[in-house]
1. May I ask you to order 84-96, 132-144, 181-193 by the average number of other C-beta atoms within 10 Å around their residues, highest value first?
2. Report relative contact order for the stretch 97-197 in percent, whole number only (criteria: Cα-Cα under 8 Å, sequence separation at least 6).
3. What FRET efficiency, computed as 1/(1 + (r/R0)^6) with R0 = 22 Å and r the Cβ-Cβ distance, is obtained for residue 51 and residue 146, rounded to the nearest 0.05?
4. Hey, how much of the P(r) for the stretch 89-197 falls beyond 25 Å, as a percent of Cα pairs?
5. Using the charge dipole of the stretch 89-197 (Lys, Arg: +1 at Cβ; Asp, Glu: -1 at Cβ; taken about the Cα centre), state which of 107, 144, 165 has its Cα farthest towards the positive end.
Amino acid sequence: MIIDEGIGILCFLHSLGLAKAFFDRKFLFCYKLLTERPKHQIAGTEINLEDLKKPYRTTALISSAIIASLFIYIVVTVIIKAQYVSFEGFASSFNLTPLRYGLYVLALIQLMIIIKIRGILFKKTSFENIEEVIIKLSRTSIITSALCEVPALFGLILFLLGGSSRDFYILVIWSGFLFLLYFPRYSNWEKWAKSVR
């Protein structure tokens, strides 16, 4: 019975994995379009701020798609709990306490990691032009969104291994909080663009 449940869950997760992989390829395609240097040349640092809107919208769309992965994780958890009421995880017989504490610590320090990485990626140089700033804003925003997703992924791992939906939801909420803090905002993009004008 346990084997049958495990096979059923793995098949379900595999189908969701294929769907997520499909969307990931779309995100990578969008990211490639986003980060390729435009064919036209920008003279000096003068550019209409309206030119920020297209790359910003693309970046916001990709970030929103990454946020959507949290809902995929929630759906996985809800369906498994509904279909297998007695689900206790694939490794519930093992002592998962060290792993649990380790993942919680990594999830908490994710905020410091994001701050540090953003500080490095946002570091200004003397010869930056507006085109380079737009590319930097796009890349940094996408990388930050991916890092914000990590705690939710940790929560899903703990759920699948130990069957604890409580850990899962705590870490999903933490991911949501990070997304709330660091979702790309157009006003911030404008400030950066004006700083090199």
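Every number in this text was worked out from the coordinates using simple rules, so none of it is lab data. Small disclaimer: the values here were computed from a predicted structure and weren't measured. Please note: Cβ atoms are built from the backbone with ideal geometry, for glycine as well, and neighbour counts cover all protein chains shown.
1. Values: 84-96: 12.9, 132-144: 19.5, 181-193: 14.8.
The densest-packed peptide leads the list: 132-144, 181-193, 84-96.
2. Numbers: 72 pairs, mean separation 33.1, N = 101.
That works out to 33 percent.
3. On the way: r = 25 Å, r/R0 = 1.15.
After rounding to 0.05, the efficiency reads 0.30.
4. Working: 2118 of 5886 pairs.
When every Cα pair of the stretch 89-197 is considered, 36 percent fall beyond 25 Å.
5. 144
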